[in-house]
Structure formats: C-alpha cells, structure tokens
1. Filtering the range B:13-40 down to residues that are touching a strand residue (DSSP E or B) at 6+ places or on another chain (Cβ under 9 Å) and free of Cβ contacts under 8 Å to residues at least 60 places away in the same chain, which residue is nearest to B:Phe236 (Cα to Cα)?
2. I'd like to verify a number: residues in the range B:68-89 that are surrounded by fewer than 19 Cβ atoms within 10 Å (Cβ to Cβ) and either at positive phi or in contact (Cβ under 8 Å) with a residue 60 or more places away in the chain (or both), how many?
3. Would you say A:His254 is in contact (Cβ under 8 Å) with a residue 24 or more places away in the chain, within 12 Å of another protein chain (Cβ to nearest Cβ) and under 25 Å from B:Phe273 (Cα atoms)?
4. Looking at (1) under 16 Å from the mean Cα position of the chain (by Cα); (2) away from chain A (no Cβ under 14 Å), can you tell me which one B:Pro170 breaks?
5. Quick check on this structure: which one of B:Val154, B:Val130 is more than 10 Å from chain A (Cβ to nearest Cβ) and in contact with a strand residue (DSSP E or B) (Cβ under 6 Å, 6 or more places away or on another chain)?
6. If we keep just the residues of the range B:173-188 that are touching a helix residue (DSSP H, G or I) at 6+ places or on another chain (Cβ under 7 Å), under 26 Å from B:Leu54 (Cβ atoms) and assigned to a helix (DSSP H, G or I), which is farthest from the other protein chains (Cβ to nearest Cβ)?
7. Report, by residue number, each residue of the range A:148-179 that is touching a residue at least 24 places away in the same chain (Cβ under 8 Å), surrounded by fewer than 20 Cβ atoms within 10 Å (Cβ to Cβ) and within 14 Å of another protein chain (Cβ to nearest Cβ).
8. Go through A:Val137, A:Val167, A:Val201, A:Val153 for me and flag whichever is aliphatic (A, V, I, L, M) and over 26 Å from A:Trp82 (Cα atoms).
Amino acid sequence: MPVIETKELTHIYLAGTPYEKKALNQVSLSINKGELFGIIGANGSGKSTLIQHFNGLLTPSCGTVRVYGKDTANRSCRNELWKKVGLMFQFPEQQLFASTVFDELAFGLKNMGLEGWEIENRVEEALLQVGLNPKEVIKVPPLGLSGGARRQVALACILAMRPTILVLDEPTAGVDPSASEHILKAIKKMQREQQATVVMVSHYVNDLIFLADKLAFLKEGRLLSYGDKKTVFRDMAQWDVNDLILPEHLKLMHRLAAYGLPVNTEILTLEEAAAEISRVMEEWARCER
Amino acid sequence: MDGRIELIDATKEYKHAGSPPVSALNCVNLSIRQDEFVGMVGLNASGKTTLARLLNGLILPSRGKVLVNGLDTADLAQKKEIRRLVGMVFQNPDNQIINPIVEEEVAFAAENLNLSPAEVRRRVDWALEVSGLADLRHHAPQMLSGGQKQRLAVAAVLVMQPSYLVLDEPTSMLDEDGRYELIKTLQDLNRHQRLSIIMISHRMEEVAPAERIIVLHQGTVYLDGPPAEVFRSPRFALAGLKPPPIARLTNSLLRQGHPIDDRIVTLEQMVEFLCR
C-alpha cells in the first residue's frame, strides 16, 4: 500500500521572476509502507525539493502529493502530517540550539504534549537507537560534541518523536565513517523493528546499494528510473552518471571494461571486483607461459 | 625565509566552565613544506579541525608554537601576513560567503589587500577561471548549487595568492563532478603554482592521490608517510579507519600472489597498471 504518492509533481522556484527555476518536472512515484526508499541524484537534480514535499514544507506548483491518502496542499491536515513525517534536513546539527542534549530532544516531545517520565524514556531510547550512551551525553551541551555525535543527536531528536515516515536528506554527508555507520544502522533498525517507512536521499551511491529496498534516480528535475535496485542501476548505465559518487571499485570495473578488458561489470561488492581482476590476471599469466 | 609550516610541541586545550580542560591536540610536532600535498585523516574528535585552525592562527596553541614561514602565529603583528599566507576553506561554504554577487565575493579579499583595481580584476579573473566559475560571475551565490558554492569559497581564498591552502572537508557537500573538478584544481595549483595543499577528509579515496598522509588519533600524530605505507600499516585500522577501495583491492590481489605494484592506491594508478 503506498503511503506517499506523487502525481506529475512539478515545482518551480521563484515563478514569474528572472530567477525562475523548474526544480521538479512531472515526477510520479509511489512509496510503500515499510520500504526503505533511496533517492539518488547529483547536486541540483531536485532531490531535496522532492522530499520537502513529503511533509508539506513545499507544495506542488502543479500535480499532487498524497501522504496516507491525504493531499499535502490541504492546510487542515498539516499538524497531523508533521507528526507522522519526520524530516531531517542536510546538516541538521546546525539547527541544534538547546543548552543540553536532553533539552534538545525534549523540546519536540514537550510540543507534542508529552510529560515527565514519558519524555525521559523516549530521550533515553532515542539516544540508544542512534548509538550514543545516554549517561555520557545527556547533560552535555550539543555544541560541545564532535560533528558526528551532533548529527547523531539531531537524528535522535526526530526518532524520539516516533514518526511513521522518516525522511532523511543526505544523513551521512560530512560525518566520519564510525558515526556514519551508527546513523545507517539506526535507520535500518527503525525500518525493520518499527515497520517505519524511510525515504533517504544521497549522492553516495554506496550508502544505498545495500540499504535500500527500492531506488529512484533523479536528474535535472526528472525521474529517469525507479523501482528495484537492479532495474535502476541498469537504467542508470544509459545516462551520464559521472556526477554521482559511485563506489570506486564499481567505477574501476566500468573503466576497465571501457578499455576492453574482459571483466564482468555486473558486480556490487569489492570482493567480486577483486575476483574479477584476479581471474583476468590469471589468464594473462597463463598466456605468458 | 623558510618555506614551511612548523608545529613545535603544539598542544591545544578547550575549557568549558565547570569541567576540566579537554585536550584536543597533544604535543604535536609537524613540518609541512611549501610545495607539499598533504591529506589529513582521522575520526571525528581526533583533532583534525583544531590542527587546521592552528595553521593560520585562527586559534592559538595552549602550549608550544606554530610557525608559518618562520612567523609565530601568536605574534599579533604578523597576523595579517599569516592569514594571507595560509588560506582556509571550511566544510560548509554557506558559512563563509558574504557577498550578494559571485565576482564581488571573490574580489572582497583582494580589495582588502590594497591592490590596484587592475590587479584586483586580474586576480579575480584568474581565480574564477581556475575554479570553473567564469560563467557564473554575475550570479547570486545563494542561487548556486552546493558544489559551485564550495568552488566559490576556494576562489575567494585563491585571490589572496596564499602559499598554503587548508581545506577542512571541502567536498562533503559536493557531487562527483564538483569533487573531481575541485581535487583536480587543487592538484594543478599544487604542481604549477607551488601552492601547498593541506586537505582534511573522511574519504580515503580523496586523500589517496596526496604525496603524504597524516593520520590523527586522539589528538596525536599517529601515522605520517606516503599513502600506500600509511594505508597498509596495522596502526591505520587501530585509528578506526578503513583504506580506500583501490588500496584494499591491491592488498587482496597481493595476498593472492599476483604481481601487482604495491604502491597502487588510486583508481587512475590501477587503470594504468592493468591497461598499460
């Protein structure tokens, strides 16, 4: 059952001015309940614009967006929408403002009308979910934490509100590998254990290759491919994808194939790439003998 | 004048009210030559950003010294020259772009150096050209993509013709094209203008083309050497880091007994080796 559905969604920024820019062009897609849906695209492809439609922060210039069957352009549904759809912006740690990590997480919960022990429980649970030790960080000012830990706190703020749809804009951009791993784990766990629907935008294709159930590929505001991973990767080969961050071993295989080396390019892991190169080198050694 | 940045027993502590001082860097001794391309890696909180900020006197060491071409960063009289010599580009370009038009942003620093209008114009044209922004010079920075904004931040620093360029995770917001162009620009500047590049990154494939890699761990210099040696060191994993995919491929092929050059760490090197 689709929980998010867009029909011919078009978004134009600053319409009618010299700066007018069509960021999305007739995008139609549907995202099912419990799916981890990855959106791949380069800078300027419309990824961020698209996901800001999912909780009604932006509304379409043309077309419709329905979340749980309700039109996001309908203002009377906004409050309900914001509770159900947790949106994490790019570089969310820049929005941290409270004097302690606890206050930071409690802020949203108080606004939801929660009190006392319920807040404490949820704060602790959310911090554990993102891989932070509540005892260590709860009284620390968020700005006293390292960049990666701040990102983890920002994610915890959203998880604490227990959204049923989690929308993440480049959740791992600019954090170190260990924080990135904690963040991806928390996201996957949330999807598995709470049957949450997760929409994740990234230009690190690596993050999505293993994590996502379905992918969408955006380029210059158009949805060029969407569906299961293999379909999307196959379709992507037809387009210029130099502007995406593909894992280096995949790029290597494409380059080697382009040079005419007999390597199989339909691989996903580094081990498969090593096996392919090893096979080719063994053949060379045999020929020399 | 000595063309190098030197850290001598540099220690930096941060003090928070009510808690004991936290040491971000501990007795670091380093020397970076004026023509080097250095990659700096380490987990968050390993001291990378603190070290970067010490290099041009944005912060001063709690103990020890930082010398830029022999000038002490603690000497207020030298601050202006040190800031010109050591240019900084940060993670998020939005935090350092202040002008409403691209070319004004680039001209800003040059104008403050008291140069003639003709010289300002010449430097602005050059900086925009090498940063690939010549076509966007009349645009508003807020209308640029993340990658274009970061190249603008670089151009705005280049215009001061620094000897050292320190970049703190400059590619974290860039797409592949922007990243490739930025790194290529940095390599060209390093080779042709003898500009020293000191680049912090979390992505090992980005620092692999550098001639030297410094690994920071818990506020100390944990490893320092050529990329292939650093990636292969057991200490690299102990610092919580993972070598770039190509270095791992090379190691895997070496283990299987293939005759492969053990210095291969980048995509270009691997393609050249296999397709020569």
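Quick note: the coordinates plus some simple rules give every number you see, no bench work behind them. Fair warning: this is a prediction, and the values are worked out from it, not measured in the lab. Don't worry about glycine lacking a Cβ; one is built from the backbone with ideal geometry, like all the others, and counts go over all protein chains shown.
1. Pass one, the range B:13-40, residues touching a strand residue (DSSP E or B) at 6+ places or on another chain (Cβ under 9 Å): B:13-16, B:21-40.
So of that shortlist, the ones also free of Cβ contacts under 8 Å to residues at least 60 places away in the same chain come out as B:13-16, B:21-22, B:31.
Numbers: B:Glu13: 25, B:Tyr14: 27, B:Lys15: 30, B:His16: 31, B:Pro21: 28, B:Val22: 24, B:Ser31: 21 Å.
Within the range B:13-40, the match that is nearest to B:Phe236 (Cα to Cα) is B:Ser31.
2. Adding up the residues that qualify gives 3.
3. Spelling it out, it is not the case that A:His254 is in contact (Cβ under 8 Å) with a residue 24 or more places away in the chain, within 12 Å of another protein chain (Cβ to nearest Cβ) and under 25 Å from B:Phe273 (Cα atoms).
4. In the conditions (1) under 16 Å from the mean Cα position of the chain (by Cα); (2) away from chain A (no Cβ under 14 Å), B:Pro170 misses (2) alone.
5. Step by step, each of B:Val154, B:Val130 is checked, and only B:Val154 is more than 10 Å from chain A (Cβ to nearest Cβ) and in contact with a strand residue (DSSP E or B) (Cβ under 6 Å, 6 or more places away or on another chain).
6. B:Thr185
7. A:Ser178
8. Checking each option against the conditions leaves just A:Val137.
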